[in-house]
Amino acid sequence: MGRTIAVTNQKGGVGKTTTSVNLSACLAYLGKKVLLIDIDPQGNATSGVGVNKGETQHCIYDVLIDDEDIKGVIKETKVENLSLVPATIQLAGAEVELVSTISREVRLKHALDDVKDNYDYVIIDCPPSLGLLTINALTAADAVIIPVQCEFYALEGLSQLLSTVRLVQKHLNQELYIDGVVLTMLDARTNLGIQVIEEVKKYFQEKVYKSIIPRNVRLSEAPSHGEPIIIYDSKSRGAELYLELAREVIKNG
Ligand code: ADP
Ligand code: MG
């Protein structure tokens, strides 16, 4: 049975999309069938796997708002075993439009019911907010991955995220659990990075993945080529560490 994982943190720029794209591609590289779902109106995960947003007719918006069959929206990518449900800027309206729709929190979950079992993993790249799009992701998910950037104030805002997770557990999705916290953009040359790691480990304990993603230029270049790191530069540190992360996620079940 497929496992659905929401990659979420309401802070922007912490590595959600980089993690969603590269974890998905690395899981696919390791032979798993993966569906990446982009529910951020910015559509960075979509372009990150090489799908042109301008040429995309149907996206997750049509599924969430117009009840379109998700199967008709799935696109193949240049990565073997990796498929995508794209997002375009049209999704920007969905946060407001969802408010007045029936079953507004469970639309993604219901859409996924039909296709979930065709995949080993469904990875959802969330927008930088705790609005209805993220609530849909948390309701559809079995588990959550929280990227935390190795910077000052790393833990800021996390209590709000955790209380949202608890609310979803209480009212919408009892089985939801945190698979892990992934530390991102570590600059190993600074003491700050090491301090942040310790602080985050004290807070989340064994939930912190062993694989800590370094700040890596190749990781920041890859999206402009529309390629996950495992394709763009499979020998880079970024590729190595995201592969390690994928192995840890597989080990967790
Ligand atoms: P989010 O989705 O949380 O907003 P992104 O994944 O888009 O964050 O990352 C924000 C920016 O930082 C992007 O420009 C991305 O390319 C860059 N970035 C993310 N992770 C790394 C990394 N490990 N090394 C270097 N640049 C990174
Ligand atoms: Mg993003």
Just to verify a result, which residue in the stretch 29-58, among those that are over 15 Å from ALA222 (Cβ atoms) and in a helix (DSSP H, G or I), is farthest from ligand 1 (Cβ to nearest atom)?
GLU55
Among residues belonging to the stretch 130-186 that are in a loop (DSSP other than H, G, I, E, B) and of a type in the set (Asp, Glu), point out the one that is nearest to VAL217 (Cα to Cα).
GLU151
Of everything in the stretch 11-26, what is more than 12 Å from ligand 2 (Cβ to nearest atom) and not in a helix (DSSP H, G or I)? Give them in sequence order.
none
Taking the stretch 105-129, which residues are of a type in the set (A, V, I, L, M, F, W, C) and part of a helix (DSSP H, G or I)?
LEU108, ALA111, LEU112
Residue that is surrounded by the fewest Cβ atoms within 10 Å (Cβ to Cβ) [pool: residues in the stretch 174-203 that are in contact (Cβ under 8 Å) with a residue 40 or more places away in the chain and within 25 Å of LEU138 (Cα to Cα)]:
TYR203
Out of VAL182, VAL208, VAL196, sole residue that is under 20 Å from LYS11 (Cβ atoms) and at pLDDT below 95:
VAL196
What is the one condition in (1) out of contact with any helix residue (DSSP H, G or I) (no Cβ under 8 Å at 6 or more places or on another chain); (2) part of a helix (DSSP H, G or I); (3) at pLDDT below 95 that ARG189 does not satisfy?
(2)
Of residues in the stretch 1-10 being assigned to a loop (DSSP other than H, G, I, E, B) and polar (S, T, N, Q), the one nearest to HIS110 (Cα to Cα):
THR8
If I filter the stretch 90-110 for residues that are buried (at least 18 other Cβ atoms within 10 Å of the Cβ), more than 12 Å from ligand 1 (Cβ to nearest atom) and of a type in the set (S, T, N, Q), do I get at least one hit?
no
Among ILE230, ILE145, ILE213, the single one that is within 16 Å of ligand 2 (Cβ to nearest atom), crowded, with 19+ Cβ neighbours inside 10 Å and over 28 Å from VAL106 (Cα atoms) is ILE213
Are any residues in the stretch 233-253 in a loop (DSSP other than H, G, I, E, B) and either within 16 Å of ligand 2 (Cβ to nearest atom) or in contact (Cβ under 8 Å) with a residue 12 or more places away in the chain (or both), and if so, which ones?
ASP233, SER236, ASN252, GLY253
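The values are calculated or read from the model by the stated rules, or taken from the named source; none is laboratory data. Remember, it's a predicted structure, so these values are computed and weren't measured experimentally. Positions of Cβ are backbone-derived with ideal geometry, glycine not excepted, and every protein chain shown enters the neighbour counts.
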